[in-house]
């Protein structure tokens, strides 16, 4: 079972969007997947699925209940454990308790949506994870904080699976993948392009992988999911592309 925390050195880079969509993409590839909201200060993972849950991970952690009591199944087959906005304060022990609660879970992948930033809560949220994926935007302040998160995760002896660059626009003022790798010392495992369909999907509270399966963002998310799953990524070739190949001299 791979327990992967999706983390970010700062807020607003699209970490929760990546968690939800990678969860869906892995599920569609036949893996048993659960996404879990461990952001106790601003839980948004459930909102991305249009959920308004009565029972969340926070209630589980305050009781002797099983973590499965807060588990919901999406139509696509993905399992979701949402967070709660009722949390007044957290402690490091909460994440240790979460780790103990997760021991009996049986999945191929558990993706943990963590608090953003470099505060104590963001660091403590890495406790249940075995691996870390860092999400960033392709601008220098975001990359600087991504590197700091990398240092933090390494100090906690977590495996760093790689870096996802979100909202890439590929222009002259934006560092490319090679520059980012050199600056952060992180392997870039995916570059999600700036894509209006992502915003549209968030507006309708349905992951872009489901709402817009042919979008540029979805294709790259699917490629990352295939990489994580260790399987070949195959794209469907449209009839026009096939015709152009036939006619090409």
Item to complete: Can you bin region 82-172 into rounded, prolate or oblate? Criterion: square roots of the alpha carbon gyration tensor eigenvalues sorted a ≥ b ≥ c, rounded for a/c under 1.5, prolate for a/b above b/c, oblate for the rest.
Response: prolate
Practice prompt. Can you pull the one-decimal nm distance between simple spin-label points at residue 92 and residue 32, each 7 Å off the Cα toward Cβ?
Written response: 3.4 nm
Worksheet item: Where does helix 92-101 land angle-wise versus the long Cα axis of the chain, in degrees 0 to 90, nearest 10?
Response: 80 degrees
Fill in: Theoretical gain in end-to-end length, residue 232 to residue 69 [0.36 nm per residue, Cα-Cα removed]
55.2 nm
Practice prompt. With a ≥ b ≥ c taken as the square roots of the eigenvalues of the C-alpha gyration tensor of region 1-73, please select rounded if a/c is under 1.5 and otherwise prolate if a/b is larger than b/c or oblate if it is not?
Written response: oblate
Worksheet entry | Separation of the residue 185 and residue 156 label points, Cα + 7 Å toward Cβ, nm | 1.8 nm
Worksheet entry | Rounded Å value of the spacing that divides the Cα centres of region 198-237 and region 34-79 | 22 Å
Response to the item:
Output row, site residue 99, 7 Å Cα→C-beta label point, backbone N cut-off 16 Å, window region 3-27, residues 3-6
Worksheet item: Measuring from the lowest to the highest alpha carbon on each principal axis, how far does the chain reach, largest first, in angstroms?
Response: 68, 40, 31
Response to the item:
Counting only DSSP beta bridges fully inside the chain, the antiparallel percentage to nearest 5 is 5 percent
Practice prompt. Obtain the nm distance between the two label points defined at residue 130 and residue 169 by a simple spin-label model: each point lies 7 Å from its Cα along the Cα-to-C-beta direction.
Written response: 4.0 nm
Worksheet item: Got a sec? How would 31, 183 order by Cβ neighbour count within 10 Å, fewest to most?
Response: 183, 31
Worksheet entry | Least to most buried among 97, 64 (fewest other Cβ within 10 Å first) | 64, 97
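Every number here is computed from the coordinates shown, using simple stated rules; none is lab data. Owing to the predicted nature of the structure, the values given are computational and were not obtained by experimental measurement. For neighbour counting, all protein chains shown are included, and Cβ atoms are generated from backbone atoms with ideal geometry for every residue, glycine included.
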